[in-house]
2 protein chains.
Amino acid sequence: MRTVEKALKLLNFFTEQQPEHGLSNLARLSGIDKATVLRMLGDMEATGLVEQDTRSRKWRLGAGILRLARLREAAFPVTRVLTPILERLATETGETAHASLLSGRELGSVAAVESTRSNRVIMEAGHILPLHATASGVAFTAFANPEIRERALAGDLPQVTPATPTTRETFEPLVREAMTKGYALSDQAFEAEVTGIAAPIFGPDGFACGAISVATPSSRMTADHVSSILSALAPAARLATLGLGGHIPSHHKIAA
Amino acid sequence: MRTVEKALKLLNFFTEQQPEHGLSNLARLSGIDKATVLRMLGDMEATGLVEQDTRSRKWRLGAGILRLARLREAAFPVTRVLTPILERLATETGETAHASLLSGRELGSVAAVESTRSNRVIMEAGHILPLHATASGVAFTAFANPEIRERALAGDLPQVTPATPTTRETFEPLVREAMTKGYALSDQAFEAEVTGIAAPIFGPDGFACGAISVATPSSRMTADHVSSILSALAPAARLATLGLGGHIPSHHKIAA
DNA sequence: AAACACTGGTGTTAATAATGAACCGATGCG
DNA sequence: CGCATCGGTTCATTATTAACACCAGTGTTT
């Protein structure tokens, strides 16, 4: 089916730990024939989305991505707006803060500021956050366009950790709870020993377009800590929405 | 022909002045049928490369690009390395400095620092620099892999300004001169009233992978100014190459 | 209000472009 | 030396893509 989409999905195999891939490796990971993968890579190379190391023949993300990112930032300065907000959020909470935006059918992590504590959560750069397995995802889903929300609830929910909700019956209550509380808390559903607390970022249409989140080691998570994080998260989320030109629905409120 | 490449070429129509496009507009610009463009956009939306404004239905570059850019920066911190070098270059010369990297078959501008003078050259973010019409392009071509150089020389050379070389006979001498001098100077071949001076950035294989450049109003360009710029540009280019893990050919030298 | 020129988006069929198995030469390893 | 893997190429088959016409909605002009 749709070739373009299949080709672009190859980009998702590049991660911070695995920033380079050989041809056969990519073919194996994607389940696509080598010859096809090669052609796709060639096409993406022509536009700078990927590039090939001349010696090792391995492929990596290309410089064209940097160009496009600069272009987008020039028109919609997302990172510029979010980073100072995250910095303040990180210092106020003493924890790692990060922001993610809707990217396809998932959230893409676009900015993060790490806590300075020695025991802190490390955010891998440019991670993809599944909607059902992260606090950010649940907070986003709760306030997303109903059509997107329904698709998320109905989609299949791969297990990431033992605590990941994998059925609609376990996922939907989390979303409902987030809808009433205005934020989402997810305990070790994405990564062991990590608890996330997230609030939605709203777009101009009044629906969520992303999320802002604080991640802490689960061991540090107490009721007091949660409420102190929330009191920093709420204004941060508000600033993020306004800074990106979004619109906060009048009824929206973050409350434990 | 190759659908993936055609689809990705659509991304090049998004510029700093035109960051959003309607469907029909994109179809017109690209010469592709509306229905086809729509499917391509849909595929690219699924991976976050583009996104659609829900109200205006216009398309723009998507948040997925930011995610990918962060990922690439995490593995190969190009911008982080180049920006301070450009800052120093800009203050030392009092002119606008920028860097570009090979992206497909052209150079993509990935970082820029503007001069603080009131009469300065403004670099549009994320511009594509044709190899034949810019100082960066000539400097890059001169030291690129011979295969790439030949392709550049043999390709068609669209006229950008009256001073643009449009034939191999006019283009090749510029490249040859850059090969001996170690840098390239281009007067108003890309933009009227702007002169560029550029030096190559070398990759690990000893061939150019990009260029670093200083752009000045042509009115300010004198022999003295050129040599003062060169004395700042040479170490900057050297630092850029080393900072990116590149290898400077032993015989390479920048000399007027 | 009527005619017009746009817009974004949707089917349906002909033709084109993508596919994947087999194959090649090179490299690496026990 | 033999086996496995690598990146890459070729080519017949087929399934995907592309274009045409069409639809509904919007705003302008007459």
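Miscellaneous remarks
- Kirkwood Rh, Cα atoms: Rg over Rh of the range B:3-67: 0.92
- When the helices of chain A are scored as -39500 (n - 2.57) per DSSP H run of n ≥ 4 and the total is divided over every residue, the value at 222 nm lands at -13500 deg cm²/dmol.
- Compactness check for the range A:81-177: Cα Rg over 2.2 N^0.38 Å is 1.15.
- Chain A: most fluctuating residue of A:Ala133, A:Ala99, A:Ala192 per GNM, C-alpha cutoff 10 Å: A:Ala192
- Acute angle (nearest 10 degrees) that the helix A:63-75 long axis makes with the longest principal axis of chain A, alpha-carbon atoms: 40 degrees
- Other-copy label distances relative to A:Arg2, 7 angstrom Cα-Cβ extension, nm: 2.1
- Relative contact order computed over chain B (Cα-Cα under 8 Å; 6+ residues apart), in percent: 15 percent
- By other beta-carbon atoms within 10 Å, ranking A:Arg238, B:Arg151 with the fewest at the front produces B:Arg151, A:Arg238.
- Ascending count of other beta-carbon atoms within 10 Å, so fewest first, for A:Asp33, B:Asp53: A:Asp33, B:Asp53
- Helix B:223-243 axis versus longest C-alpha principal axis of chain B: approximately 60°, rounded to the nearest ten.
- Solvent-free Debye calculation, one equal scatterer per alpha-carbon of the protein assembly as shown: log10 I(q)/I(0) at 0.10, 0.12 Å⁻¹ equals -0.82, -1.11.
- P(r) histogram, all alpha-carbon pairs of the range A:108-256 included - 5 Å bins from 0, percent: 2, 10, 20, 24, 22, 14, 7, 1, 0
- Pairs of Cα atoms farther than 31 Å apart, chain B, %: 29 percent
- Neighbourhood net charge (13 Å Cβ-Cβ; Lys/Arg +1, Asp/Glu -1) for B:Ala112: -3
- Counting every other Cβ atom within 10 Å of each residue's Cβ, A:Ile65, B:Ile201 order from fewest to most as A:Ile65, B:Ile201.
- Neighbourhood charge, 11 Å Cβ-Cβ cut-off, centred on B:Val121 and excluding it, Lys, Arg +1 and Asp, Glu -1: -2
- Taking Lys and Arg as +1 and Asp and Glu as -1, the other residues whose beta-carbon sits under 12 Å from that of A:Asp53 total 0.
- Taking N as its residue count, the alpha carbon Rg of the range A:52-102 over 2.2 N^0.38 Å: 1.64
- Placed amide H near A:Val50: partners under 5 Å, 5+ positions off or other chain: A:Glu45, A:Gly62
- Taking the longest Cα principal axis of chain B as reference, the axis of helix B:78-93 is set at about 50 degrees.
- Remark: for residue pairs A:Lys58/B:Lys34; B:Lys6/B:Lys58; A:Lys58/B:Lys6, the C-alpha separation exceeds 29 Å in A:Lys58/B:Lys34.
- Each copy carries a label point for B:Thr222 at 7 Å from Cα toward Cβ; from one copy, the others' points are 7.2 nm away, ordered from shortest.
- Taking a straight line from the alpha carbon of A:Lys181, these lysines sit under 25 Å away, with near neighbours fewer than eight places off in the same chain left out: A:Lys253.
Only the coordinates and a few stated rules stand behind these numbers; no lab work does. Everything numeric here is computed off the predicted structure, so don't read it as measured data. Here Cβ is always computed from backbone atoms with ideal geometry, including for glycine, and neighbour counts include all displayed protein chains.
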